[in-house]
Amino acid sequence: MGLTFGIYPGGLLGDEEGIVQPVSPDRPERVTMALDALQGDAPTFIVRAYRSFAATVSPPPPTPADPEQYLGRGRLLDLVLQFREPTGALDGWTEFVREAVRAYGPELASVQICEEPNVRLPVLDGSVPNVLDALVRGVVAAKEEARALGLPVAVGFNAVPVFDPADTFWSDLAALADDEFRASLDYVGVDFFPDVFRPLPPDKLADAVTAVLRSFRDTRLPEAGIPATVPLRVCENGWPTGPGRPEHRQAATLDTVVRTVAARADELRVDSYAFFSLRDADSHGDGLFHHFGLLRDDYTPKPAFETYRTLIAQLRAVP
């Protein structure tokens, strides 16, 4: 069947401490050229974008700005709606979700509710009180709105691999989730970055990718009572370059990860893959998070750009 591919095209991102500002603004004409090149003849390609809800403080800025300008040619939006209200109050949250579905309408491929709600870092939703309530209510609200509008929008959420046996995220979700939530859920996303935070020998990379996907499919989803029929998606995956991290290794890592995902897609019901991200925040920066791009911050390509273009051409879903 093949995979549906996508990418986050903005420069702004977050690290363990907060927002990482790009060294230069996004250049929409260069972004569009890069998306055209990556998509090639693929009938669809997914553009990932982030919007945040907060009622009592200023939320993080939306990124990329005006993602609609990158759509067309079969490109659709994968919209992430983050719950960033520091008090955990849910007033206004579901209407924010519904309004986002109405606003983007037929330009939406999917709506992801919350961003990594099982991670307790300041920049991620898992650090916010009541995030599981926001997740359950948001999924139901998004699906209700999409159905009311007659839109074929996939609604889901994402999480990261956690290997702590004391972690209770999935069982806590099971306690809150009801039949309405499960009937509204179209996918569960996996964000993972093998060989980035825990180095791996190259010959162990494919096994690590397979193990993460199998853990989600066979262990985590059942813990939350999520049926095996619900697809998995790789929502964020990448490998940064920089000091001690050569660009050719980024290309090789990307090739191994995507081909492994594609090889296991039918067995583990994985339907899409998105790379993080299109360009570096700062190609001369010292931080690990500055260098995740397929392009440098001046939009010149690293070797992995051509690798990803080739993978999309070879492994894309065919109608």
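The values are calculated or read from the model by the stated rules, or taken from the named source; none is laboratory data. No experiment lies behind these values; they were computed from the predicted model shown. Ideal geometry is used to build each Cβ from the backbone, glycine not excepted, and the neighbour counts take in all protein chains shown.
Look at the range 154-177: where a residue is touching a residue at least 12 places away in the same chain (Cβ under 8 Å) and a partner is part of a strand (DSSP E or B) and of a type in the set (Val, Ile, Thr), sitting 6+ places away or on another chain with Cβ atoms under 6 Å, you get 155/111; 156/188; 157/113. The single condition from (1) surrounded by 18 or more Cβ atoms within 10 Å (Cβ to Cβ); (2) within 30 Å of residue 302 (Cα to Cα); (3) under 22 Å from the mean Cα position of the chain (by Cα) that residue 242 fails is (3). Per this entry, residue 148 is not counted among residues that are surrounded by fewer than 19 Cβ atoms within 10 Å (Cβ to Cβ), in a helix (DSSP H, G or I) and touching a Gly at 6+ places or on another chain (Cβ under 7 Å). Taken over the range 14-45, the criterion of being under 17 Å from residue 80 (Cα atoms) and crowded, with 23+ Cβ neighbours inside 10 Å is satisfied by 45 alone.
Against the numbered list (1) crowded, with 16+ Cβ neighbours inside 10 Å; (2) touching a strand residue (DSSP E or B) at 6+ places or on another chain (Cβ under 6 Å); (3) not charged (D, E, K, R), residue 317 comes up short only at (1).
If we scan the range 56-67, do we find a residue that is more than 27 Å from residue 4 (Cα to Cα), surrounded by fewer than 22 Cβ atoms within 10 Å (Cβ to Cβ), of a type in the set (A, V, I, L, M) and in contact with a helix residue (DSSP H, G or I) (Cβ under 7 Å, 6 or more places away or on another chain)? Checking the range 56-67: not a single residue is more than 27 Å from residue 4 (Cα to Cα), surrounded by fewer than 22 Cβ atoms within 10 Å (Cβ to Cβ), of a type in the set (A, V, I, L, M) and in contact with a helix residue (DSSP H, G or I) (Cβ under 7 Å, 6 or more places away or on another chain). For the range 297-314, give me the residue count where each residue is surrounded by 14 or more Cβ atoms within 10 Å (Cβ to Cβ) and either aliphatic (A, V, I, L, M) or not in a helix (DSSP H, G or I) (or both). So the count comes out to 8. Applying the condition of being among the β-branched types (Val, Ile, Thr) and in contact (Cβ under 8 Å) with a residue 24 or more places away in the chain to the range 274-319 and asking which residue is nearest to residue 249 (Cα to Cα) yields 307.
Considering only residues in the range 169-192 that are of a type outside the set (A, V, I, L, M, F, W, C) and closer than 19 Å to residue 116 by Cβ, the one that is surrounded by the fewest Cβ atoms within 10 Å (Cβ to Cβ) turns out to be 171. The conditions of being in a loop (DSSP other than H, G, I, E, B) and either touching a helix residue (DSSP H, G or I) at 6+ places or on another chain (Cβ under 9 Å) or aromatic (Phe, Trp, Tyr) (or both) are not met by residue 181.
Considering the range 1-13, and only residues there that are more than 24 Å from residue 290 (Cα to Cα) and aliphatic (A, V, I, L, M), the residue that is surrounded by the most Cβ atoms within 10 Å (Cβ to Cβ) turns out to be 3. Given the structure, is residue 82 more than 13 Å from the chain's Cα centre (by Cα) and either part of a loop (DSSP other than H, G, I, E, B) or under 22 Å from residue 22 (Cα atoms) (or both)? No: the conditions fail for residue 82. Determine whether residue 186 is modelled with pLDDT of 95 or more and out of contact with any His (no Cβ under 9 Å at 6 or more places or on another chain). So residue 186 fits the description; yes.
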